[in-house]
Each structure stands twice: as C-alpha cells, then as structure tokens.
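The values are calculated or read from the model by the stated rules, or taken from the named source; none is laboratory data. Values in this document were obtained by computation on a predicted structure and should not be read as measured data. Here the Cβ is made from the backbone with ideal geometry for all residues, glycine too, and neighbour counts use every protein chain on show. Just so you know, the surface numbers come from the protein's heavy atoms only, side chains and all, with ligands and any DNA or RNA stripped out. Shrake-Rupley method; radii C 1.70, N 1.55, O 1.52, S 1.80 Å.
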Amino acid sequence: MRIIDPHMHMVSRSADDYERARRAGIECCIEPAFWSGQDKRHAGSFFDYFEQIIDHETDRAERAAGMDHYVTIGLEPKEANYREMAETVVDRVPEYLDRDPVVGVGEIGFDGMTDDEEWAFREQLEIAEDREVPVIVHTPHTDKPEGTELIVDIIEEMGVTQERIVIDHNTENTIDISTRTDCWIGFTLYPGKIEAQSAIELLEEYGTDRMIFNSAADWDPSDPLAVPKARDMMLDRGWDREDVRTVVFENPYEFFDQSPNFDYEP
Ligand SMILES: [Zn+2]
C-alpha cells in the first residue's frame, strides 16, 4: 500500500533513510521548513535553507529513492521572536510559493505564544489565503491545549479557508479543539508527541475523515518509517484496507492536491 508522509524533515536524514522509507511504501513526502535545532541569526540563513530543501532535497529524494519530494515554506514560530529578522523572512515567503516543489506555507504557528509569534502566524495565514495554498500549522509543545485554542480562535476570527489548513501535532488533549473546525487534523507519530497506538485509537473513536498521520522525522530521535509502521499496526488491528489507505494516502493526497504545484501522480 503506497503512502504519502506529509511531514518529514529529510534535510536531517541520510540517503539510506530515503531508501528505507521508499521500500516501506512512502512514494511521496512533504518537507515543511522548520527550526534547524539552533536559532538562525541571519535572515540570509533562512533563504539558503529554503533553497536547500527546495532544490537539493528534492533532487536527493529522487536520486536516493525515486521519491517525490515537495516543500512548504514559512517562518516557524521559535524564530519569529527575532522580530527584525522575522520581518525580512516573512516578506519573502510569497516569492517562494512560485517555485515548482513548493506546495504551501508552513510550518507556522506557536511555540511560546508570544506577540511576535502571533504576528508571524497571522501574516503568513494571510499570505496563504491570498495565494490559495495549503498551510501546515504547528501546535506548541508546552501548553498545547491553550496553544491549539489560540490557533483555532485566530483561524476563525480571520475567516481564512479552513479546508486548506492542517492543524498538526494533535494529541488526546487537543482533538476536541481541532475538530471544532473544518481544518484537517494531523497526528505526528514522534516520541513525546503521540504514540502510534494512541493515535490509531483516537481514529477508531473519531473516524478517519480529515485525519492525517506523519512522522516529522528530523535530527532528534524519530522514525522515518513511523507511518508505514502505523499502517501495519492498523491492518493488524483488523482495519479495513480502504480505511487504512484513506489515512496514509488519500487524505494527505487530497489535502496537498489543493496546491497548484502538487503534481504527484499515484
Ligand atoms: Zn516539523
């Protein structure tokens, strides 16, 4: 069964990881721009990083594993707190949306829930709305329910198109907040975020409509095969193959197919 993993930070992964992921069924992945483990101090560092994920990673995915690799571009919340640098970066987000592998804006959202983070979040939601492209929203690690409430309030207040937004990194504590909206609901199968079994149990309770699994595989302990393993776990639990396919393929496909630049053909 083919898989789309809609959230992988492959820049921090090896060619071998691409190969293993491809062999486990991942035909296509989306790489959101995010924090690189250390705060960047210069706006120019973002632009080099954007180029790297747009060009080099897309090329590397193809070379290493014949995998389709797409990107979302945005200023993540942690570094939004360096306001002057943040303004320079956000100003240039729109021009990246024209690039071929760029299928949306993200990750954007909240980390410490500061005013500067809220400014960057609103600006970039506006850019995505204006360009009619998908958005990946990062919910914070601490005070997650409060952060998710704030995200939902801002999305509702701004009146942006909820069907083009995925609220990511949901847990048992945020699902009731996120499902109040028409946004898509992401679960990141990553140590400290949510275990595959808990995420699967939530889907058994809430259904598969608009539900998306991802690995967020990055430089910390994480697993580029998290979604294929969850697929196997769902099948082992007796799930219908079509329902499994909805979660690991159809939903992320439908979500990103809203982007004019997403031309992956299964
Ligand atoms: Zn991420």
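What do you get for trypsin sites (Lys or Arg not before Pro) in region 63-119 restricted to DSSP loop and a cutoff of at most 12 other Cβ within 10 Å of the site's Cβ?
Answer by residue number: there is no such site.
So which lysines can residue 78 reach, going by Cα to Cα under 17 Å and dropping same-chain residues fewer than 8 places off?
Output for residue 78: 40, 144.
If you take every residue apart from residue 39 with its C-beta less than 14 Å away from the C-beta of residue 39, what net charge results, scoring Lys and Arg +1 and Asp and Glu -1?
Around residue 39, the charge tally is -2.
With runs of 4+ DSSP H residues as the only contributors, calculate the mean residue ellipticity of the chain at 222 nm using -39,500 (n - 2.57) per run, divided by the residue total and rounded to the nearest 500.
When only DSSP H runs of four or more count, the value is -12000 deg cm²/dmol.
Considering only the other residues whose Cβ falls under 11 Å of the Cβ of residue 263, what net charge follows from Lys and Arg at +1 and Asp and Glu at -1?
Surrounding charge for residue 263 is -4.
Counting only heavy atoms of protein chains, what accessible area per residue, in Å², does the chain have with a probe of 1.4 Å?
Roughly 40 Å² per residue, with all protein chains present.
Please state the shape class of the chain: rounded when a/c is under 1.5, otherwise prolate if a/b exceeds b/c and oblate if not, all from the C-alpha gyration tensor.
Oblate shape, in that a/c is at least 1.5 and b/c is the bigger or equal ratio.
Rounded to the nearest 0.05, what FRET efficiency do residue 84 and residue 12 give with R0 = 35 Å and r taken as the Cβ-Cβ distance? Could you check?
That gives a FRET efficiency of 0.80.
Can you give the FRET efficiency for residue 63 and residue 143, using 1/(1 + (r/R0)^6), R0 = 35 Å, r = Cβ-Cβ distance, to the nearest 0.05?
Calculated value: 0.25.
Taking the simple approach of a point 7 Å from Cα along Cα-to-Cβ for both residue 95 and residue 205, what is their distance in nm?
4.8
Taking the DSSP beta bridges in the chain as the whole, what percent of them are antiparallel, to the nearest 5?
5
Nothing charged except the Cβ atoms of Lys and Arg (+1) and of Asp and Glu (-1): what's the magnitude of the dipole of region 1-72 about its Cα centre? Round to the nearest 20 debye.
200
Which residue, 216, 141, 228, has the largest displacement toward the positive end of the dipole of region 138-266 when charges sit on each Cβ (Lys, Arg +1; Asp, Glu -1)?
Sorting the options by dipole projection puts first 228.
Ignoring any ligand, DNA or RNA, what whole percent of the accessible area of region 1-124 comes from carbon and sulfur when the probe is 1.4 angstrom?
With neighbouring chains kept in place, the figure for region 1-124 is 40 percent.
Tell me the label-point distance for the pair residue 180, residue 118, using the 7 Å Cα-to-Cβ offset, in nm and rounded to one decimal.
1.6
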